[in-house]
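Nothing in this text is a laboratory measurement; each read-out follows from the coordinates by a stated rule. Quick caveat, the model's predicted, so the values are computed rather than measured. Ideal geometry is used to build each Cβ from the backbone, glycine not excepted, and the neighbour counts take in all protein chains shown.
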Amino acid sequence: MNGPRGAVRVWGAVVLTVVLAMATVPWNSGRPAGARSGEVPRLLVLSLPTLGWADLYQGASPAIDALLDGAAVAAMSVRDVDATTNANDGYAALSAGSRAQGVLRSGEVLDASETYVTTPAATIFARTTGVAVDTGLVALGFPHLVSTNADLEYDAQLGALGQSLADAMVPRAAIANADGDLTNRGGVVPSDVAYQRQAAMSLVDETGWVPAGAVTDALLRRDPSAPFGLRYQQEAVVAAFSASWRQGGVVLVEGSDLARADRYGPLATPVQRQALRQQALRDTDDLVARMLLSVDFARDTVLVVAPYHSAGGVELTVAGLRSPGQAPGLLRSATTRRAGLVTLVDIAPTILRVFGVPRPGSMEGRQFERVNDGSVTGATRAESLAQINDAARYRDRMVAPVAIVFTVLQALLWVAVAVALRSDSERTKGRVALAALTMLAYLPATYLAGLIRFADAPALAYWAFVIGLSVMIASGASALGRRAAIDPLLFCLGLVFGLLAVDMVLGAPLQLNTVFGYSPTVGGRFAGMGNLAFGQFAAATFLLCGLLSRRLAGRSFGTALAFGVLIVAILIDGMPIWGSDVGGVMALIPAAGVTGAYLVGRPVHGRSVVGLAMAAGVALVGFGVLDLSRPADQRTHLGRLWEAIIDRGPGAFQTVVIRKLGANLSVVTGSAWMALIPLLIAAVVYLLWHAPARVQPIRDTLSGCVPGLALVALLGFMLNDSGIAVPGLMLGVVNASVVYVTVVTLAREPVA
């Protein structure tokens, strides 16, 4: 078979073989790994409300423990619209794949054959939705749920998960009943606790209907020792599960006894509350063990989630995914970009991924992805995830005290300045200068505290570490910076700037669960530059830029070094792989332009302002395009913002801006950082009144910093959703720096 024709035949045979081989691969079949041809894929979603990692591997949950031993797992942030997440909110977010808010009637999901008060549920459903059904489950509160979320700035599409599955012809069923009252069901309006079946809301379509499942009282039995005198009738639950499981698709089963125990908790003594919870966990584990007998792990997938936390306090919950061919490990998502952390809104995309169904553009979340963590046992993973939760809760408790102490000490600095104004003692002035440097060092010390586990230690240990390290850093800066009086200040500002820059390059390990970083329980950010860190970073950037320009005035590289600080700051903050900070980079670029113009002696006109705004927009687009070029599971919220704009148009960007402005205005009056604004104003007025001759040297020293600081503080407030915290932390850095420069001026030392 020689010659051109022979070659053509050979290559034709090869191509045909490859095409035929590819045709046998289920590229678009939607079948998960392990599913055989002709079989309907099956996914069991075990919803175990309020379950945390500290609850597991303690002897009460052997079946759940064994299931998670072979799964990829994570601690799940269930932060939704509000700071706390209840059943109504959690299942609404699961249904939408985005942050959503539940309503009081979310639990009113009935079998179409049931009667609500005196009217058949199917009749009420048809009257409120225009959809006539005689089987399945109907969510009577769905229209109210949709209208409530239409008024929020999250663009949540309730029923997006169920509708996507319905469009792909994937069967779905929900089995749940967390009711707490069986007496008030007829003749009058049901009580608030009469219907607690929110779990079924997870799988409703865009009309509020689930085609199969069970939610009736037949799932319950009376037991005087159980919360509200009710518990699952396990035989009925297993029978309902088996009937749905044979049909394939998604079957969601809620461990409703856990939900009942949590709601009943406030009515019991602490000891009895714990006993009821433990009994509910044991009963739920028995139920899980019975259902898992029908699961074939060679073809079926099991997803374990706890979609809301206990009413006892905000905390991380359990998430686990066990699928055919997947090794144990940790889970992450593009939402968190951290191994071992996922979010509530990631559940819906993960369910769709199992069936190969595309994620609709309205979904904010991203699918779970397994990463290898090297842990030997499931218990080891559980312990490490429980520690993340402990650290998050400890951080949340410490945020307010640390912020208040920082603010109070800033005020005391000016009391010390007033004393120094009346004193001729150089030692007094030196101590005040050291105190100002200590306040600057206080900020990086709080991040370095994240390297030590303080959650189980007395609070005194944390304070001793932070304050002791701050004093050591300040003392070292004073000892090293002897060539010019401004050098110790440059050293401390450089530490604030440099530590955050290095942290971003290393993946921001010092941001997670530190007081001026972010917490997964709060859930606003999981990677990159947090808003509180940005405040410090921005202030240090422009102070360093201005002071370096003055310190190195007359040297050829002085201005270049100052500009280098600005460029590095923009790259660190804006690059998707580092800071990935949308609002931050839009604030930094105009402020950097104004500062650069000042340093080279050029005035800023109206056209310059327009040009700087356009430059910020171009940079945002550039960073967004760069992020979009990365794999979908690695994109940051900047890339997801551009995805939303592509899917839904400019309105998606408008939604984000309006939400951020609303969040900013809501915290203006309730933040400790607000106190720093009148403090700095009062300090300037005091200097003008008591030592006017000293104001000019201070202004000369700091003049190169002021334009950029003022602009980035304003834009940082407008474009980030932490409100006054951004300019507040900036003022903390500025205040300590002004105190230092003031004291140095009082001592009549040259600052450069």
Would you mind checking which residues have amide H under 5 Å from R338's amide H? H placed 1.01 Å from N; only 5 or more apart, or other chain.
-> S333
Computed for the stretch 252-338: size of charge dipole around the Cα centre, +1 on C-beta of each Lys and Arg, -1 on C-beta of each Asp and Glu, debye to nearest 20, value 320 debye
Counting sequence-distant residues (5 or more places) and residues on other chains, those with an amide H built under 5 Å from that of V318 are L51, M76, A306
Distance from a point 7 Å along Cα→Cβ of L448 to each backbone N in the stretch 468-498: keep the residues under 15 Å and list them by number.
-> 468-480, 491-498
The stretch 51-374 - Rg over Rh from alpha carbon coordinates, Kirkwood radius | 0.94
Gain upon complete extension [A132, A243; 0.36 nm per residue less C-alpha separation] | 37.6 nm
Would you be so kind as to identify which of S294, L316, L104 lies farthest towards the positive end of the dipole of the stretch 51-374, taking Lys and Arg as +1 and Asp and Glu as -1 on Cβ and the Cα centre as origin?
-> S294
DSSP bridge pairs, the stretch 51-374: antiparallel proportion in percent, nearest 5 = 65 percent
Distance in nm between label sites at V371 and V405, each 7 Å beyond Cα in the beta-carbon direction?
-> 3.1 nm
If each of R630 and R282 carries a label point 7 Å out from its Cα toward its Cβ, how far apart are those two points in nm?
-> 4.8 nm
Towards the positive end of the charge dipole of the stretch 51-374, with charges on Cβ (+1 Lys, Arg; -1 Asp, Glu), say which of A348, G141, Q233 has the farthest Cα.
-> A348
Set the Förster radius R0 to 41 Å, insert the Cβ-Cβ distance between S423 and A83 as r into 1/(1 + (r/R0)^6), and round the FRET efficiency to 0.05.
-> 0.30
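Calculate, in nm to one decimal, what Q274 and S294 gain on full extension: separation in residues at 0.36 nm each, minus their alpha carbon distance. If you can, show how the numbers build up before the last one.
Values: separation 20, 0.36 × 20 = 7.20 nm, distance 3.12 nm.
Length gained between Q274 and S294: 4.1 nm.
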May I ask for the distance between the Cα centers of the stretch 522-549 and the stretch 212-226, given as a whole number of Å?
-> 54 Å
What residues of the stretch 374-412 lie in the reach of a label at R431, counting those whose backbone N is under 16 Å from a point 7 Å from the Cα along Cα→Cβ?
-> 412
Long-range amide H partners of V371 with built H, under 5 Å | L330, L331, R332
